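The values are calculated or read from the model by the stated rules, or taken from the named source; none is laboratory data. As the structure is a computational prediction, the values presented were derived from the model and not from experiment. No Cβ is skipped: glycine too gets one built from the backbone with ideal geometry, and neighbour counts run over all protein chains shown.
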């Protein structure tokens with residue numbers, strides 16, 4: 001095609017350029033139409049997803065997780081059951097959908113309100129206390145949630161939880177990095193592993209509380225010493 005353009009007369013080249021410009025404009029218009037259509041579809045998808053999560057949360061709170069059916073959730077969201085299954089294959093997946101959307105907000109607020117002058121231990125407790133407050137809103141749903149998180153069935157849901165956890169561990173890693181800069185922790189630490197360990201301490205105690213192996217008061221009594229023990233051996237050595 002390049003050789004054809006080179007062999008053409010100047011008039012032919014001008015005609016070719018003008019024709020190309022016209023095609024280009026049509027193509028741009030077509031592309032914008034496709035993008036707008038895609039944007040509308042995405043907005044509709046998000047709107048439907050929001051309706052589903054609101055309906056699920058309302059019914060879970062009103063009837064309990066076990067007593068609620070997917071048909072009831074679809075009816076309350078004013079959609080067909082088939083549409084519902086495009087967003088979540090099972091009621092358990094719906095529970096995780098609700099959890100993800102709500103926890104994104106909880107996590108964001110928890111880290112946004114961390115006391116800047118506090119040490120790492122108190123910063124971690126601030127974050128974990130926000131998580132516990134979320135679960136205390138509806139302990140029955142929290143029970144079901146912990147059960148489901150232990151055995152996620154669908155790859156899509158599992159991937160979604162992995163992404164959430166990576167983001168959370170990354171935020172904790174940043175707190176550790178800041179603590180290192182303040183001289184609270186040794187400089188040469190594998191922050192990702194430490195962040196995972198610290199979250200695991202909280203999560204294990206959360207499981208024990210929701211599994212009714214310990215009381216809430218016992219959770220409160222144990223979380224600080226458990227985190228402190230993990231951190232105590234990682235402080236800079238005094239010279």
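Just a few scattered comments:
- Subset of the range 181-199 [closer than 21 Å to residue 226 by Cβ, without any contact (Cβ under 8 Å) to a residue 60 or more places away in the chain and either out of contact with any helix residue (DSSP H, G or I) (no Cβ under 7 Å at 6 or more places or on another chain) or not in a helix (DSSP H, G or I) (or both)]: 186, 189, 190, 193
- Matching residues, the range 220-239, being surrounded by 10 or more Cβ atoms within 10 Å (Cβ to Cβ) and part of a loop (DSSP other than H, G, I, E, B): 234, 235, 236
- Which listed residue is over 18 Å from residue 157 (Cα atoms) and surrounded by fewer than 16 Cβ atoms within 10 Å (Cβ to Cβ), from 50, 61, 74: 61
- Taking (1) at positive phi; (2) assigned by TED's automatic domain parsing to the domain that holds residue 177 in turn, residue 99 satisfies each apart from (1).
- Taking the criterion of being assigned to a helix (DSSP H, G or I) and surrounded by 14 or more Cβ atoms within 10 Å (Cβ to Cβ), the residues of the range 203-219 that qualify are 203, 205, 206, 207, 208, 209, 210, 219.
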